[in-house]
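Reviewing the structure listed below.
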Amino acid sequence: QVQLVESGGGLVQAGGSLRLTCAASGSIFSINDMGWYRQAPGKQRELCAAISSGCSTNYADSVKGRFTISRDNAKNTVYLQMNSLKPEDTAVYYCNAELVARRLGVPRDYWGQGTQVTVSS
């Protein structure tokens with residue numbers, strides 16, 4: 001059973017920093033793209049940042065220059081360093097990975113359970 005487990009969310013004041021971690025576990029053959037999405041109350045889920053297996057990155061305009069995505073392929077882990085946080089960054093943050101589970105043999109999307117990030121003004 002493949003699962004993604006996030007950690008690192010919490011409450012922080014505006015201007016502060018948080019680091020989110022997402023670890024993929026289970027019988028995994030390979031991991032392609034990994035990313036972080038977020039969903040604020042009443043809004044659609046949106047992409048924050050993504051990173052390819054070769055470590056090419058892509059960021060939403062709203063987080064460019066403040067958030068940094070990285071990954072450790074040996075640990076099947078992706079990180080999101082969030083600096084200069086703003087109240088509008090408040091949302092549930094979800095980890096996403098396109099990976100090949102040994103049992104299935106084809107790539108498919110997996111999601112974490114989400115972690116709450118709250119930025120107070």
Item to check | Hits in segment 98-121 - residues which are closer than 24 Å to Gly42 by Cα, open to solvent by less than 60 Å² (accessible area, probe 1.4 Å) and of a type outside the set (Val, Ile, Thr) | outcome: Tyr110, Gly112, Gly114, Ser120
Checklist entry - When you go through Arg66, Arg19 one by one, which is the residue that is without any contact (Cβ under 8 Å) to a residue 60 or more places away in the chain and farther than 20 Å from Leu99 by Cα? => result Arg66
Item to check | Top-ranked residue of segment 1-33 - restricted to ones that are closer than 23 Å to Val117 by Cα and among the β-branched types (Val, Ile, Thr), ranked as most open to solvent (accessible area, probe 1.4 Å) | outcome: Val5
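Would you check if there is a residue in segment 27-38 being closer than 21 Å to Gly16 by Cα, in contact with a strand residue (DSSP E or B) (Cβ under 8 Å, 6 or more places away or on another chain) and of a type in the set (S, T, N, Q)?
First, pick out the residues of segment 27-38 that are closer than 21 Å to Gly16 by Cα: 36-38.
From the residues that got through so far, the ones that are in contact with a strand residue (DSSP E or B) (Cβ under 8 Å, 6 or more places away or on another chain) too are 36-38.
Subset that is of a type in the set (S, T, N, Q): none.
No, that holds for no residue.
Restricting the search to segment 22-50, which residues are of a type in the set (A, V, I, L, M) and either in contact (Cβ under 8 Å) with a residue 60 or more places away in the chain or closer than 12 Å to Tyr79 by Cα (or both)? Working first, answer last.
Filtering segment 22-50 for residues of a type in the set (A, V, I, L, M) gives 23-24, 28, 31, 34, 40, 47, 49-50.
Passing the criteria: Ala23, Ala24, Ile28, Ile31, Met34, Ala49, Ala50.
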Item to check | Unique match (being farther than 30 Å from Arg103 by Cβ, of a type in the set (Phe, Trp, Tyr), under 13 Å from the mean Cα position of the chain (by Cα) and at pLDDT 95 or above) among Tyr79, Tyr59 | outcome: Tyr59
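The values are calculated or read from the model by the stated rules, or taken from the named source; none is laboratory data. Since this is a predicted model, take the numbers as computed values, not measurements. Neighbour counts are summed over all protein chains in view; Cβ atoms, including those assigned to glycine, are modelled from backbone coordinates with ideal geometry. Calculation scope for accessible area: heavy atoms of the full protein, side chains included, ligands and nucleic acids excluded. Shrake-Rupley method; radii C 1.70, N 1.55, O 1.52, S 1.80 Å.
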